[in-house]
Every structure is written in C-alpha cells, then in structure tokens.
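Peer 1: Just dropping this structure here.
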Amino acid sequence: MFESIDQVEQQLAEHDYITDRMLATSIFLAVNMQKPLFLEGEPGVGKTEVAKVIASLLDTELIRLQCYEGLDTQTALYEWNYPRQMLELRLQEARGAEKKEIGANIFSEEFLLKRPLLCAIQSERRQAPVLLIDEIDRSDEEFEAFLLEILSDFQITIPELGTIKAKQTPIVILTSNRTRELHDALKRRCLYHWIDYPSVERETRIVTTRVPDIRNELALQLCRFMQLIRQRDLFKLPGVAETLDWAEALLALGKDELDSETAEQTLGCILKYKADTDKIQGHEMSEMVKQAGLATISSSSETASVFSRRIE
Ligand SMILES: Nc1ncnc2c1ncn2[C@@H]1O[C@H](COP(=O)(O)OP(=O)(O)OP(=O)(O)O)[C@@H](O)[C@H]1O
Ligand SMILES: [Mg+2]
C-alpha cells in the first residue's frame, strides 16, 4: 500500500523510473484499490518497466506472462507433467503395487506444472506478487475471455484438485501496444492509463538517470531532437528505449554534443526502417540538429529546472 501519490513518484524515481503525476496516480489507485492496471502506449515508452519497478520497490516477486498469438490456457495456467506421471506409473508397476493403487496419486500437486497465472494465485509471499500480463493485444480473443474470468475472482478450478483461491490479490499490470482493441468487459475491470511520449523535461531526466555519465547539455539536446523527430511523419516513431540507446551510443563514441555528422552515422539507434532514415537524412537532419542545439543554448531556465532535479 502506498501512503500518497507523492510517495509513489518518489519511490519510482528512487528506482530510476521517472513518472508523471497521472501515471503515479494510476499506480497509487491500482495498488491501493487492488484493481488491475491496464497500460497502453506506443512501443518503448516504459509500460513493461512499470511492473518491474513496482515489484522491485515493493520488494516482491514479479510474475510475467508474455502474451503471443496462440497462447493457450495450459501455457498460462497449468499443465499436468505427463512424462513424470508416466514414470510414476511404471515405477509403481515395477514395485508390484496393487492394481487399484496404481496411478491413484498422479493427479496431485506434485505432478502439476505451474504456469504464471497459477503461480500468482498460489503465491505464499507476505507481500502480494506483481503479475505482469505483457502485450495482451497479441493474444487471441478466447484467451482474453478466459483472462476476464481470472481477473474477476482470482480463483481457478482444477477438476482433479478442486478450487484454488488467491490468498491475496496480486497487483496486476496489463500492457498493450494497441495492435488490436481489447474488449470493454476486460477494460471495465481495470484502471486505464495511456503512457504518452514524455515531455522534453521528463525525457531528459530519464536519460540523465539511466545514463548517469552523459553530459547534461547533450542529454537535453538529444531529447530536444527526439521531440522534433516525433513530429515527423514516420512509419515508426522512436520511444524512450531508443533515446536511451542513442545516449549510450554517443557516450561510447566519446561525444560531448550532437553534430549532424554523428547524428547521421548513429541514426540506426533511433530509426529502424529504411524509409524513415531516408526521409530524415541530409538537409532535414542538419536542420533538426541545429534546432535542438539552439534550443539547448536558449533555454537556460528550462535547463536549470531539469538539472536541479538531477538524481545523484
Ligand atoms: N519513465 C521512465 N523512466 C525510466 N526509464 C524509462 C522510462 N520509460 C521508459 N524507460 C526505459 O525505456 C526502456 C523501454 O521501456 P519498456 O520496455 O518498459 O517499454 P514498453 O513500453 O514496454 O515497450 P514495448 O511496447 O516495446 O514492450 C527501458 O529500458 C526502460 O527502463
Ligand atoms: Mg513492453
């Protein structure tokens, strides 16, 4: 449980996650109201990281279910361990057990392969685990319907064993890149938050936090550039993940500031489609580098406010 939204913001920052007020409020409410949090947003804006950071700051287990097309309930919930069951039957036969005894125990917990959803429901930890259901938009609609049931009562019935109910409600984070819309019924059970690209100020804080060796001015220049590039009509806009990769790359190259030539040579860190790089290279690129640089020099008050909060 969190005591305040400020506490959420502060604790996330202590774990190197720089949030805004709205996301911090959603996290506060999701944890305190024990409601699943559904995070949507473009790739690389920090959706998955939210779950990881919450688990680490609450010092609890992170249980991750990565969704994909064709994901079925067996892979998500549980499976019987057939090879072990077969082996047990053979051993019992070899031991000369009576016919009616053979196989009597093979549908017990010992022969159960627990998958992420069952692990989350059965968690014995003092602090409820964080259950990350990542990229749910990739799963099929049938799986989504099944999930709806789980998220409603956090209990499952295994015919051979009976009903298992969660001792404590897991903190559930669902993420989606919105490759398809999810059903309203699922959304109704969750708090919803759209993670947008960060402001220049927040992205600069993210860069200086995650890449602490970078010079302040270079971090600001990069983030200015990212704002400009995200206004272009590109096939795939770069997220925070790409900004961080770029910052690391410039640091590895020993650069103190961004110039057109370096930007052009390292464009592969932020743009991953040839059509996009073709669009940006050349005159457009040098204009953006110039603008990002000029903005850095002219925005001294903004720079001061960003860096006065730099986390040491
Ligand atoms: N607000 C933030 N503070 C600190 N780091 C961040 C923030 N947002 C994103 N990052 C960093 O950016 C990278 C990408 O984040 P993450 O993997 O969570 O993105 P995502 O939204 O789940 O992307 P995808 O949709 O591709 O899975 C991670 O290294 C993460 O640490
Ligand atoms: Mg992710």
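Every number here is computed from the coordinates shown, using simple stated rules; none is lab data. Predicted model, so just to flag it, every value in this text is computed and none were measured. With ideal geometry, Cβ positions are generated from the backbone for all residues, glycine too; neighbour counts draw on all protein chains shown.
Peer 1: For a 27 Å ceiling on Cα separation, which of these pairs sit above it: 47/290; 236/290; 187/274? Could you put the intermediate results ahead of the total?
Peer 2: Details: 47/290 32 Å; 236/290 23 Å; 187/274 36 Å.
Checking Cα-Cα distances, 47/290; 187/274 exceed 27 Å.
Peer 1: Rounded to the nearest 5, what is the percent of antiparallel bridges among the DSSP beta bridges in the chain?
Peer 2: On the way: 7 of 25 bridges.
Antiparallel bridges: around 30 percent, rounded to the nearest 5.
Peer 1: Take the alpha carbon atoms of the range 104-185, find their radius of gyration, then divide it by 2.2 N^0.38 Å using N residues; give the quotient.
Peer 2: Details: Rg = 14.3 Å, N = 82, 2.2 N^0.38 = 11.7 Å.
For the range 104-185, the normalised Cα radius of gyration comes out at 1.22.
Peer 1: Once you put a point 7 Å from the Cα of residue 164 and another 7 Å from the Cα of residue 93, both along the Cβ direction, what distance in nm separates them?
Peer 2: Computed distance between label sites residue 164 and residue 93 equals 2.9 nm.
Peer 1: Viscosity 1.567 mPa s, temperature 4 °C: give me the Stokes-Einstein translational D for the range 200-308 in µm²/s, with Rh taken as the Kirkwood radius over C-alpha pairs. Please list the in-between numbers first.
Peer 2: On the way: Rh = 13.7 Å.
It diffuses with D of about 94 µm²/s by this estimate.
Peer 1: Once you have a ≥ b ≥ c as the square roots of the Cα gyration tensor eigenvalues for the range 152-193, tell me rounded if a/c is under 1.5, and otherwise prolate or oblate according to whether a/b is larger than b/c. The partial results should precede the final answer.
Peer 2: On the way: a/c = 2.88, a/b = 2.07, b/c = 1.39.
Since a/c reaches 1.5 and a/b is larger than b/c, the shape of the range 152-193 is classed as prolate.
Peer 1: On a straight-distance basis, which lysines could pair with residue 52 in a cross-link, Cα separation under 19 angstrom, same-chain partners fewer than 8 positions away excluded?
Peer 2: Excluding near neighbours in sequence, the set is 35.
Peer 1: Which of these, 218, 62, 294, has the largest mean-square fluctuation under a Gaussian network model of the chain (Cα springs below 10 Å)?
Peer 2: Checking each option, the largest mean-square fluctuation is seen for 294.
Peer 1: Considering every pair of different Cα atoms, what Kirkwood radius, in Å, is found for the chain?
Peer 2: With all distinct Cα pairs of the chain included, I get 22.3 Å.
Peer 1: Which value does Rg/Rh take for the range 185-244 over its C-alpha atoms, Rh per Kirkwood? The partial results should precede the final answer.
Peer 2: Details: Rg = 14.5 Å, Rh = 13.0 Å.
So for the range 185-244, dividing Rg by the Kirkwood Rh gives 1.12.
Peer 1: Straight-line reach only, C-alpha to C-alpha below 12 angstrom: list the aspartates and glutamates that residue 114 could link to, leaving out same-chain residues fewer than 8 apart.
Peer 2: Those aspartates and glutamates meeting the cut-off are 79.
Peer 1: Tell me, rounded to the nearest percent, the portion of alpha carbon pairs in the range 136-238 spaced more than 19 Å apart. Intermediate results must be reported in sequence, preceding the final value.
Peer 2: Numbers: 3335 of 5253 pairs.
Beyond 19 Å sits 63 percent of the P(r) for the range 136-238.
Peer 1: In addition: Whose amide H sits under 5 Å from the amide H of residue 140, counting only residues 5 or more places off or on another chain, with H placed in the peptide plane?
Peer 2: Result for residue 140 returns 70, 71.
Peer 1: A further question follows. What is the spin-label model distance, in nm, from residue 14 to residue 262 if the labels are put 7 Å beyond Cα along the C-beta direction?
Peer 2: Each label point is offset 7 Å from its Cα along the Cβ direction, giving 3.5 nm.
Peer 1: Could I ask something else about it? Which loop-located GluC sites (Glu not before Pro) does the range 33-78 contain, where loop means any DSSP state but H, G, I, E or B and the Cβ has at most 11 other Cβ atoms within 10 Å? The partial results should precede the final answer.
Peer 2: Details: sites: 40, 49, 61, 69; in loops: 61, 69.
Hits after loop and neighbour filter: 69.
Peer 1: Cα axis of helix 283-298 to longest principal axis of the chain: angle in degrees, 0 to 90, nearest 10?
Peer 2: 80
Peer 1: Something else now. Would you tally the net charge around residue 245, using a Cβ to Cβ cut-off of less than 11 Å, leaving residue 245 out, and scoring K and R as +1, D and E as -1?
Peer 2: On the way: positive: 210, 272; negative: 242, 248.
So the surrounding residues net to 0.
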